[in-house]
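Here the structure is laid out as structure tokens; the discussion comes afterwards.
Just so you know, all these numbers are worked out from the coordinates, no wet-lab data involved. Since the structure is predicted, the reported quantities are computational estimates derived from the model, not experimental observations. All Cβ positions, even for glycine, are placed from backbone atoms using ideal geometry, and neighbour counts span all protein chains on display.
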Amino acid sequence: MALLYGLLWRLLLFLVHINRALVSWLRVRLRSWKGRLWERAMSALLLPVALAGVPDPQRKVNQDPDANANPVTGNRNAGRRSRWLSDGRSLEKLPVHIGLLVAEEEPSYTDIANLAVWCMAVGISYVSVFDNHGIFQKNNSRLLEEIVRQQQDLVGGDGSKYDVEFLSQGRDKHQHHVVSCWPSVKVLSPEDGKQSIVQAAQQLCRSVENRERSSRDISVSMLDLLLRDSKSVPDPELVVKFGPVDSTLGFLPWHIRLTEFISLPSHRDVSYEDLLGVLRRFGSCQQRLGQ
């Protein structure tokens, strides 16, 4: 009898183990089946939303054919403009008028054009380009074309455009190529500064000869007033000199008494970071104005 009870007990334990194994297997299969069913249901629900979010390329081209011309270039130009404006605002002070004095034998039109565009992009209103031999002024049309080309390459066709004005050796008539209202670029030579002083002195002499004023009325302030009236441009607060020559080379001698000069080795292959470093140096300098 005891042997019979032992056999029955072992049979019951065997059936219990079989039942547990079967239940575990069914649970795993049911869980896997529910997971696949859930994934299929979610895919069916999300597919229309995903398809609705995908734009129609043909429709986009038809609506705005110019928008897809070169999105990479457009984003890059927008990023450049944003960075340059941000750099200009971050400076402690920004010159209204900057001079680019090239004291090198072979000027690079592309590098000077880059500098002019960068200066105006950070917020400088007036840029004067000067070389001792007057090469830029003699070839002002070439410089103008290069500035416009670099403006389009660096800023983009939709960016700010500039008014490029060329002084013609101190004469009253200017050559204009209007690309917008402002800022402006002036191309100067040594004759411009000297000629303006000569014209102001001649005007004072004629006024004394015609007895419009006395010789005692002639003073430095009066000459300064005549020179200021002749050019509606503020004095340059900063001049960046390129080259090994330590000289102003006749750059607007009457207008640079309070100008800060900062030198760079060369204007060739100059970078935006070089210009930004100069502007930061200018922003940190303290002008005592004779005190």
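Quick rundown of the values:
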item	result
Charge sum, other residues only, whose C-beta stays under 13 Å from Cys119's C-beta, Lys/Arg counted +1 and Asp/Glu -1	-3
Segment Ile262-Arg149, extension gain: residue separation times 0.36 nm, minus the distance between their alpha carbons	37.9 nm
Approximate spin-label separation Ser219-Gln195, in nm, with each point projected 7 Å along Cα-to-Cβ	3.1
Ordering of 253-264, 90-101 by packing [mean C-beta count within 10 Å, highest first]	90-101, 253-264
Net charge of neighbours whose Cβ lies under 11 Å from the Cβ of Gly250, counting Lys and Arg as +1 and Asp and Glu as -1	-2
Computed label-point distance, nm, for sites Leu12 and Asn210 using a 7 Å Cα→Cβ extension	13.5
Under 5 Å, built H, 5+ apart or other chain: amide partners of Arg268	none
